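Here's the structure, in structure tokens; my notes come after.
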Amino acid sequence: MMVAAGSHTRLLAQIALPRQAVRAGMTRSGIGALGLALDVAAVANIGSVSLFGDLRDDWKKIVAELDVSNSDVWRSFFDGVSPNWNGEAKALMERFVRHTTDKIYPMAKDIAAKMSSMMQSQRKEIFEYDVSVALLYLTSGPIFLTLMAASATPAGQFALASFTLAFIAALGNLLKQFADVIAAYESGLNGVEMAVNTMNSMVFTGGDPEKGGRDLKMYRTVTDPAQVDSGFWDPAGAK
């Protein structure tokens with residue numbers, strides 16, 4: 001059985017009839033109250049594979065954009081400024097490029113790369129969960145129908161109750177696996193959040209984006225045309 005990206009609504013439609021049989025069988029067994037509750041939770045957790053695929057691709061694009069942006073900063077300085085200018089302003093800009101942007105860009109890229117990897121991992125886990133739940137219902141539905149037809153006898157009722165217990169155990173196991181996936185996902189997000197906080201502390205005042213950017217010591221005189229030939233900005237080759 002294959003589940004294409006974005007097809008979780010189609011999958012829900014595919015298991016609708018088998019699910020009805022499963023729910024009817026658990027009710028008929030007389031011991032299916034827990035199973036009915038697990039049924040609601042299991043089906044509610046069926047998710048969109050395409051959502052995580054799209055998020056993965058979005059973060060991959062951010063990684064690429066950061067690479068280009070970092071390269072642009074380097075090229076702007078080492079192609080445009082470094083060969084043509086001397087003086088204190090050039091030294092300030094070089095320190096900025098080497099010690100500030102060279103720290104911030106790798107951190108931002110690492111965060112984006114981790115998020116992309118996490119989205120890919122979640123996409124895989126959701127896909128596997130969706131398929132497992134669907135297969136459980138598709139295979140169990142016909143069995144419940146057969147057992148309900150035979151449940152008028154004590155042996156048939158016993159068989160129905162036994163299968164209901166087995167189904168509840170299988171469903172509970174799937175839900176536990178899903179909970180483990182969510183716990184691992186939250187742990188990964190916590191690690192990313194700490195990395196973001198570290199990066200914010202380098203970029204924003206008090207590490208708070210709402211307080212604006214830090215003073216990166218790029219004085220206004222760096223962009224003041226009046227400073228040309230003053231010793232602050234000196235054209236390369238000037239005597």
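The values are calculated or read from the model by the stated rules, or taken from the named source; none is laboratory data. The structure presented is a predicted model; accordingly, all values stated were derived computationally and were not measured. For neighbour counting, all protein chains shown are included, and Cβ atoms are generated from backbone atoms with ideal geometry for every residue, glycine included.
Summary table below
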item	result
Pair list, Cβ < 6 Å and 6+ apart or interchain, from segment 28-54 residues that are under 16 Å from residue 121 (Cβ atoms) to residues that are buried (at least 16 other Cβ atoms within 10 Å of the Cβ) and among the polar types (S, T, N, Q)	52/122
Where residue 76 falls short, out of the listed (1) closer than 25 Å to residue 200 by Cβ; (2) out of contact with any Phe, Trp or Tyr (no Cβ under 6 Å at 6 or more places or on another chain); (3) among the polar types (S, T, N, Q); (4) crowded, with 16+ Cβ neighbours inside 10 Å	(4)
Residue 114 being at pLDDT below 90 and basic (Lys, Arg)	no
Top-ranked residue of segment 209-226 - restricted to ones that are loosely packed, with under 11 Cβ neighbours inside 10 Å and among the acidic types (Asp, Glu), ranked as modelled with the lowest pLDDT	215
Residues that are surrounded by 15 or more Cβ atoms within 10 Å (Cβ to Cβ) and either farther than 10 Å from residue 134 by Cα or at pLDDT below 95 (or both), drawn from segment 16-30	21, 22, 23, 24, 25, 26, 27, 28, 29
Test: residue in segment 177-185 that is of a type in the set (S, T, N, Q), over 20 Å from the mean Cα position of the chain (by Cα) and surrounded by 11 or more Cβ atoms within 10 Å (Cβ to Cβ)	no
Among residues of segment 20-41, those that are assigned to a helix (DSSP H, G or I) and either under 17 Å from residue 153 (Cα atoms) or in contact with a helix residue (DSSP H, G or I) (Cβ under 7 Å, 6 or more places away or on another chain) (or both), counted	15
Scope segment 81-102; condition assigned to a helix (DSSP H, G or I) and polar (S, T, N, Q); matching residues	100, 101
Residues that are part of a loop (DSSP other than H, G, I, E, B) and among the small types (Gly, Ala, Ser), drawn from segment 103-161	150, 151, 152
Test: residue 66 is over 29 Å from residue 149 (Cα atoms), surrounded by 12 or more Cβ atoms within 10 Å (Cβ to Cβ) and at pLDDT 85 or above	yes
